[in-house]
Every structure is written in structure tokens, then in C-alpha cells.
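Could you have a look at this structure, given as C-alpha cells, before my questions?
The values are calculated or read from the model by the stated rules, or taken from the named source; none is laboratory data. If you're wondering where the values come from, they're calculated on a predicted model, not measured in any experiment. So basically every Cβ, Gly included, is an ideal-geometry build from the backbone, and we count neighbours across all protein chains shown.
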């Protein structure tokens with residue numbers, strides 16, 4: 001398993017992993033990342049700002065997942081954990097935790113003190129991962145949710 005920054009050649013694979021993951025949980029609907037316009041060129045989207053990055057996980061040279069962080073409320077030191085998805089064959093190896101740790105370190109280096117995320121109650125495995133990784137459930141989003149369909153909101157202090 002290898003974690004590295006996204007490259008343009010990764011775009012179509014990641015779009016497929018993200019959309020398949022959402023569709024598998026009945027979330028191929030407006031108000032989710034399924035229809036995000038940046039899915040066609042995630043590498044360019046994340047390269048446009050020094051306040052965000054996206055990392056892919058490779059297994060034997062094949063991209064099997066990824067996640068990123070981006071500015072959410074930068075004036076309050078809050079970044080958002082974004083688009084954490086894995087292909088079915090990559091699940092169960094603990095790579096989500098390694099990727100989250102990697103993103104937390106990168107977000108800290110970018111100057112963030114907290115990491116926020118939005119998810120959906122249908123994504124039970126993801127919720128388990130977030131809670132085990134130390135994220136705490138919030139009663140409501142910090143501000144209006146970017147993806148209106150999301151109904152679970154978490155935050156974690158970055159030490």
C-alpha cells in the first residue's frame with residue numbers, strides 16, 4: 001500500500017470509485033458528491049489551492065481509493081475531510097485509518113486545527129471508521145452543508 005498525491009491519470013479511476021461507492025448505498029442522487037463537477041478533474045481541482053490536497057492509495061500500482069482535505073472555515077482553522085472512498089477490493093485492510101492519519105498530518109502542516117466532515121447515515125462502515133478514528137458527532141453542520149443530502153456531521157481536533 002502506497003499513499004501519494006493525486007495525478008491527472010487518476011481522475012477517471014477515482015470518479016468511478018466515488019460514484020460506485022455512493023450508488024452502492026443508494027446515494028447516486030443530487031446533494032451528494034456523486035454529481036460534484038470537480039469529479040472529472042480532481043487533480044486539477046486540488047492543485048488550484050495550497051489550502052487543499054487529495055491523496056490516492058495504491059495497491060500493487062493500482063489506485064484503489066483516496067481522500068482529501070480542503071478549506072472549510074479557514075479563518076477558524078477548520079478543514080474538511082473530503083471524498084474518502086475505496087474500491088470494494090481495498091476495504092478491510094485498515095487503509096482508511098492510514099489515509100486519515102496522513103490527511104490529518106497534511107492538514108496540520110497546512111495550518112488547520114480541526115478536521116470536519118459530512119457523511120450520510122447509509123454509509124455505516126464510513127461512520128464506524130470516522131468514530132474509531134476519533135471524530136465526534138455534531139448535532140448539526142457547522143454551517144450550511146455543501147452536500148444537502150448529508151445528514152451526519154463530525155469534527156476532530158488536530159493535535
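Determine which single condition residue 61 fails, assuming it passes every other condition in (1) closer than 23 Å to residue 19 by Cα; (2) surrounded by 14 or more Cβ atoms within 10 Å (Cβ to Cβ).
Result: residue 61 passes all but (2).
Against the definition (surrounded by 14 or more Cβ atoms within 10 Å (Cβ to Cβ) and either farther than 20 Å from residue 75 by Cα or under 16 Å from the mean Cα position of the chain (by Cα) (or both)), how does residue 124 come out, yes or no? If you could, list the steps in order and put the result at the bottom.
Working: surrounded by 14 or more Cβ atoms within 10 Å (Cβ to Cβ): no; either farther than 20 Å from residue 75 by Cα or under 16 Å from the mean Cα position of the chain (by Cα) (or both): yes.
So residue 124 does not fit the description; no.
Among (1) in contact with a strand residue (DSSP E or B) (Cβ under 9 Å, 6 or more places away or on another chain); (2) surrounded by 14 or more Cβ atoms within 10 Å (Cβ to Cβ), there is one condition residue 2 misses while meeting the rest; what is its number?
It fails just one condition, (2).
Same structure again: Within the stretch 34-43, how many residues turn out to be surrounded by fewer than 21 Cβ atoms within 10 Å (Cβ to Cβ) and either at pLDDT 95 or above or touching a helix residue (DSSP H, G or I) at 6+ places or on another chain (Cβ under 6 Å) (or both)?
Within the stretch 34-43, residues that are surrounded by fewer than 21 Cβ atoms within 10 Å (Cβ to Cβ) and either at pLDDT 95 or above or touching a helix residue (DSSP H, G or I) at 6+ places or on another chain (Cβ under 6 Å) (or both) number 5.
Further question on the same structure: Residues that are under 19 Å from residue 27 (Cα atoms): which helices (runs of 4 or more DSSP H) entirely in the stretch 37-156 hold 1 or more of them?
Output list reads 124-132.
Are any residues in the stretch 25-36 part of a helix (DSSP H, G or I) and in contact (Cβ under 8 Å) with a residue 12 or more places away in the chain, and if so, which ones?
Hits for the stretch 25-36 are 33, 34.
With respect to residue 7, determine if the residue is loosely packed, with under 14 Cβ neighbours inside 10 Å and closer than 26 Å to residue 157 by Cα.
no
I'm trying to understand the selection: among the residues of the stretch 64-113, which are out of contact with any helix residue (DSSP H, G or I) (no Cβ under 7 Å at 6 or more places or on another chain), under 15 Å from residue 134 (Cβ atoms), without any contact (Cβ under 8 Å) to a residue 40 or more places away in the chain and surrounded by 14 or more Cβ atoms within 10 Å (Cβ to Cβ)?
100
Next question. What single numbered condition from (1) over 15 Å from residue 77 (Cβ atoms); (2) touching a strand residue (DSSP E or B) at 6+ places or on another chain (Cβ under 7 Å); (3) in contact (Cβ under 8 Å) with a residue 24 or more places away in the chain fails to hold for residue 133?
(2)
Out of the stretch 104-134, which residues are on the phi > 0 side of the Ramachandran plot and at pLDDT 95 or above?
134, the sole residue that qualifies.
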